[in-house]
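Trainee: Quick one: the structure is below, questions incoming.
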Number of protein chains: 2
Amino acid sequence: MRQEHKPAQRPEQSASERPGRRKSARGPGRPTSTSGLYAREKLLEAATELFANQGVAATTFAMIAEQAGLTPAMLHYYFRDREQLLDAVVEERLAPLIAGVWGPVAAGEGPAEVVHGVVDRTLAGIEKMPWVPSTWMREVLNEGGLLRGRVLRHLPFEKIGILSRSVAKAQAAGTANAQIDPGLIVFSLIGLVMMHMATINLWAEIFGRKAPGPKALSRHITGLLIYGLQPGEGRHCGGPMKRKARSRRK
Amino acid sequence: MRQEHKPAQRPEQSASERPGRRKSARGPGRPTSTSGLYAREKLLEAATELFANQGVAATTFAMIAEQAGLTPAMLHYYFRDREQLLDAVVEERLAPLIAGVWGPVAAGEGPAEVVHGVVDRTLAGIEKMPWVPSTWMREVLNEGGLLRGRVLRHLPFEKIGILSRSVAKAQAAGTANAQIDPGLIVFSLIGLVMMHMATINLWAEIFGRKAPGPKALSRHITGLLIYGLQPGEGRHCGGPMKRKARSRRK
């Protein structure tokens, strides 16, 4: 996590201080050049954390500044308004995650291979950005979600098309389940990962179990997507799906 | 839908009328006995519709009354406060749905049979109450969801246990996929149905396709849960999961 590498922090103005009353020679909220990048990252991190916990609509600039231990003026310096802040969250956080998840998907891969790669890279991304699943559920999948339009612009349609065509081709060859909708599978895949990650603590609480880690979740989710409840890897059966030996996740 | 059977409507007080200024001999907001049940249903329907579209937190009593074409006083007559209204939504709407979905699950059923039954009954319930999926996503699965605690009290742990044990037993017998977590499968199952139903219009819009109906969705979801991407029903392969001939959904 970013906060582990804290550089020495310079004293910040109190949160109640208003730009107009500022005695500093710098412009309102303007950071020193050395602290700039760090403060901006800190503000984005505070924003994403609050968005995950309480949603975008309920999160004010004042809350974000307080969470980051910085002034609202600082926040306004880096992000003119909420629109610009939301742009930054999507452009600088979610879009790179999406690109990282789908980028390696290559034409010609079988469905199982795509599923393994996408599930594992999504889980790895969530490990670095634990705020993603609940924000995805609330602000992308929900009707009226406040990041929906922005995220949709970053959907990698070409890569999603590779998965769909791969499933359709395998179905035509009789090596994939004809019941699966090759168009819907991408929502099933991403939805399962986000839903399980967003609710894993709830699940653990309800059933009095330890929340499974990403490895165990990957096993469950890829197992479900590739073999369903049918006996999977162990069985000997005609037309098994091709699957590369996959590298172990760290 | 309930609104199709509209009885003759009696004239309602304007929404701006306040109980204190009421000239009626009846108590504030108190309905005539014949219209009572209908008005209460109408208010619950308005509330659930608004909850689905914008969430519980953003929905005021005034909005619900307006949506129902009744007075806020009427709403306050039937539901003292928001807590009581939320109780009613869960006790009278979600709890019966959950009971209807899980009630028929019987000990001794195989995993595939349980999956088929639960998926199809959930989809049938959602057809009658289209507000459920987005409310489930937002107010039950989300961190801080405002119906979470209330819904958890109605989870049918005994029936969920039947599914878990059924999967574990089949795994021990080598007839179910050992990668599946028998505890997590209930979340995968319900989550897949709710997520696909909550996002089906979004999906249709993104990919320029017609939203699949419940039959097509059932096929996709049960196909995925039972066979995964592997070739399903058609293949001949050792240890297939037992599955009853299932009755066709209407």
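The values are calculated or read from the model by the stated rules, or taken from the named source; none is laboratory data. Because the structure is a prediction, the values reported are computed rather than measured. Heads up, the Cβs are rebuilt from the backbone with ideal geometry, glycines too, and the neighbour counts pull from every protein chain shown. For accessibility, only protein heavy atoms count, side chains too; no ligands or nucleic acids. Shrake-Rupley method; radii C 1.70, N 1.55, O 1.52, S 1.80 Å.
Trainee: Sorted from shortest, what are the nm distances separating the label point of residue A:106 from equivalent points in the other copies, each placed 7 Å from Cα along Cα to C-beta?
Mentor: Result for residue A:106, in nm, nearest copy first: 5.3.
Trainee: Would you kindly work out, in nm and rounded to one decimal, the distances from the label point of residue B:53 to those of the same position in each other copy, ordered shortest first, with label points 7 Å along Cα-to-Cβ?
Mentor: 3.2
Trainee: Chains A and B: how much accessible area gets covered up at their contact, both sides added, probe 1.4 Å, in Å² to the nearest hundred? Write down the numbers at each step before the final one.
Mentor: Details: alone 14310 and 14300 Å², together 22850 Å².
Using a 1.4 Å probe on protein heavy atoms, the buried area is about 5800 Å².
Trainee: Among the listed pairs A:159/A:215; A:215/B:215; B:159/B:215; A:128/A:210; B:159/B:210; A:169/B:210, which have their C-alpha atoms separated by more than 29 angstrom in this model?
Mentor: On the way: A:159/A:215 24 Å; A:215/B:215 34 Å; B:159/B:215 24 Å; A:128/A:210 20 Å; B:159/B:210 35 Å; A:169/B:210 22 Å.
Violating the 29 Å limit, Cα to Cα: A:215/B:215; B:159/B:210.
Trainee: How would you rank B:204-210, A:195-201, B:156-162, highest first, on the average number of other Cβ atoms within 10 Å across their residues?
Mentor: Details: B:204-210: 12.1, A:195-201: 21.0, B:156-162: 16.3.
In descending order of packing, they fall as A:195-201, B:156-162, B:204-210.
Trainee: Shifting gears a bit: Whole Å is fine, so just give me how far the alpha carbon centre of region B:143-210 lies from that of region A:87-121.
Mentor: Taking the Cα centre of region A:87-121 as reference, the centre of region B:143-210 is 24 Å away.
Trainee: Through the Karplus equation 6.51 cos²θ - 1.76 cosθ + 1.60, θ set to phi - 60°, convert the phi angles of region B:107-117 into ³J(HN,Hα) values in whole Hz; use x for Gly and Pro.
Mentor: Karplus values, whole Hz, x for Gly and Pro: 3, x, 5, x, x, 5, 5, 4, 4, 4, x.
Trainee: Still on this structure, please answer the following. Can you give the mean number of other chain Cβ atoms that lie within 10 Å of the Cβ atoms in peptide B:208-220? It would help to have the intermediate numbers written out before the result.
Mentor: On the way: counts 0, 3, 0, 0, 3, 0, 0, 0, 3, 2, 1, 4, 10.
What the average comes to for B:208-220 is 2.
Trainee: Hey, what do the phi angles of region A:134-150 turn into as Karplus ³J(HN,Hα) couplings, whole Hz, using 6.51/-1.76/1.60 and θ = phi - 60°, x for Gly and Pro?
Mentor: 5, 5, 4, 4, 7, 9, 10, 6, 5, 3, x, x, 7, 10, 4, x, 5
Trainee: Let me ask something else about it. Per residue, how much accessible area does region A:127-203 show when a 1.4 Å probe rolls over the protein heavy atoms, in square angstrom? Walk me through the numbers on the way to the answer.
Mentor: Numbers: 2620 Å² over 77 residues.
Result: 34 Å² of accessible area for each residue.
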